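One structure below.
The values are calculated or read from the model by the stated rules, or taken from the named source; none is laboratory data. Fair warning: this is a prediction, and the values are worked out from it, not measured in the lab. Neighbour counts run over all protein chains shown; Cβ positions are idealised from the backbone, glycine included.
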Amino acid sequence: MTAVPSKVNNPATFIDVAAAANRLNNVIAATPLLSNLTYSRTFNADVLLKREDLQTVRSYKIRGAYNKIASLLEQQPALKHVVCASAGNHAQGVAFTCRSLGVKASVYMPVTTPRQKIEQVKMFGGEQVELVLVGDTFDEAQQQAFAFSEQQDFPFIHPFDDPEIIAGQATIASEILSQCSQCIDYVFVPIGGGGLASGILTVFKQLSPNTQVIGVEPEGAASMAAAMQSGHNIKLDHIDRFVDGAAVQQVGHHTFAICQSLLDDVIHVPDGLICQTILNLYNKDAIVVEPAGALAIAGMHQYQNKIKSKRVVCILSGSNNDITRIEEIRERPMLFNGLKHYFLVRFPQRAGALKEFVADILGPADDITYFQYQKKHNREHGPAVVGIELKQAEDFEPLLQRMKAAGFFNDYLNNQPELFSMLL
C-alpha cells in the first residue's frame, strides 16, 4: 500500500472528532455499511457502500452543520441567528439543525438549485429559515452570504472549510471503522469543497494508515485536482454545474491543506459515467442517489485493475435528486456510451425526402428520438436537427457513411458544446 504522504506536518491534528461524535449522539443516524453484490461482481472486489443517502436530511451534511452550530451554542448560549451558503445539502443540514436548536438562519442558495432541494430546505427549517436565491453558482451565492454575515455580525456556517464542519463529517470514518473489523484497502470519497474527504482522511490516516483514500470529482468541476496539481489553492474560472452537490470553483483552505498532505489520489469522472451509475444503482439495487452521491462508485472504474480482490468502501453521500432531471440523467449515459447522436441533416425540399431518409439511411435498429425541421420553399435544401438512438455504438460509422453517400449529412453536433447544449 502507498505510504501516507509527508508533504507537510499533519494539518488535521486540530480536528476534534470525539467532541463531534458526542454532539451528534442521538441526533443523526449511524448509517449502515452494506456489502453490494452488484459492484462486488463488477469489479471482482469486496465492495461496501456507506449509505449516507439514508442519513437524516438524506445526506451526510447534517453531521458537519449540527456539530458547528452546536459548538457555537456552547460558546455563545445567546446565539440567535446564523448564515450559510449552499448548493442544497448543506442548507438542509443547517435548516434541520436550526429548527432543532431554536436558531434562526439566513440560507443563500444559487438560483440554479434544483427545486427539490429548495423545497426540502423549507420543509426542514420551517419558520426558522429565511431562504435567499442569488447567483448562478455556489461561489456567487457564497459571496452574497459572506457580505450579509459581516454586515449583520451573524456567524457564517461554512459548508466545508471549517474545523468543526470537517470534524462532523469525520464521524463517518469512525463509523466505518467500527462497522468493519477487517482491513479496508480503499475508500472512495466524493469531493466538492473537500470537507468530507478531509474528515475521512483525519480518521483513516491515524487509525488505518494503510487504507488508500481516493477523492473523486466531476470532470467539469475538478477544483481539488487543479489545486493539487498547481501546488496552491487556485480558483477555476468556469465550472460545469451539472453535479450541483460538488460544483465548487475553489476548495477550502483547510481542506486543501489536509488533502494535499494526506490524500492518496484525486481523480475526475465524466457526467455520462456519473449518470450511468445513478441509473445502475436505481435499476439494479433500488438505490436513489443524486449526481454527487454517485461520484465514489463512478470513480472505481479508473481503479478497476488495482481494486481486484480488495476490500473497498464507497461513500454514497446523498439522495436528494430532483425527479425533473431524470430525462437528462438518462440522456447523458447514452451520449457517453456512443448510443445517442445529433446531426444537422440536409433534406431536399421535395416530397418523399423524409421517407427516403428513414428507409435508406437508418439502420434496422436505429430510432429517431429528436426531429426539428422547417420547410423553406425558396431553398433547394432545408436543414433539420435530428437525434438518432442506436442499439450499439458500432452502428455509428455505417450510419454516418450512408448519410454522406446520399447527400443528407450537413454537420455532427455531439462534439460542438455551444450548439449541442441547446438540445439538452
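Taking region 238-254 as the range and being assigned to a loop (DSSP other than H, G, I, E, B), among the charged types (D, E, K, R) and more than 9 Å from P218 (Cβ to Cβ) as the test, only R241 passes.
Looking at V187, V132, V213 in this structure, which one is part of a strand (DSSP E or B), under 19 Å from T113 (Cβ atoms) and modelled with pLDDT of 95 or more? Before you say what the answer is, go through the steps one by one.
On the way: V187 fails: under 19 Å from T113 (Cβ atoms); V213 fails: under 19 Å from T113 (Cβ atoms).
Testing whether each residue is part of a strand (DSSP E or B), under 19 Å from T113 (Cβ atoms) and modelled with pLDDT of 95 or more leaves just V132.
Give V111, V107, V132 a once-over and let me know the one that is closer than 25 Å to G194 by Cα, surrounded by fewer than 19 Cβ atoms within 10 Å (Cβ to Cβ) and more than 19 Å from the chain's Cα centre (by Cα). Just a single option satisfies the conditions, and that option is V132.
On the given criteria, is I278 closer than 28 Å to T56 by Cβ and assigned to a helix (DSSP H, G or I)?
Criteria met by I278.
Could you pull out the residue among V94, V57 that is in a helix (DSSP H, G or I), under 26 Å from the mean Cα position of the chain (by Cα) and at pLDDT below 95? Walk me through it before giving the result.
On the way: V94 fails: at pLDDT below 95.
One residue alone meets the criteria, V57.
Residue count for region 158-184 satisfying the condition of being surrounded by 20 or more Cβ atoms within 10 Å (Cβ to Cβ), more than 21 Å from the chain's Cα centre (by Cα) and not in a helix (DSSP H, G or I): 1.
Look through G215, G135, G168, G192 and report the one residue that is in contact with a helix residue (DSSP H, G or I) (Cβ under 7 Å, 6 or more places away or on another chain) and assigned by TED's automatic domain parsing to the domain that holds P110.
Only one candidate qualifies: G135.
In the set (1) assigned to a loop (DSSP other than H, G, I, E, B); (2) without any contact (Cβ under 8 Å) to a residue 40 or more places away in the chain; (3) not aliphatic (A, V, I, L, M); (4) not assigned by TED's automatic domain parsing to the domain that holds F146, the condition left unmet by T31 is number (2). Within region 144-157, the set of residues being in contact with a His (Cβ under 9 Å, 6 or more places away or on another chain) and either in a helix (DSSP H, G or I) or of a type in the set (K, R) (or both) comprises Q152 only.
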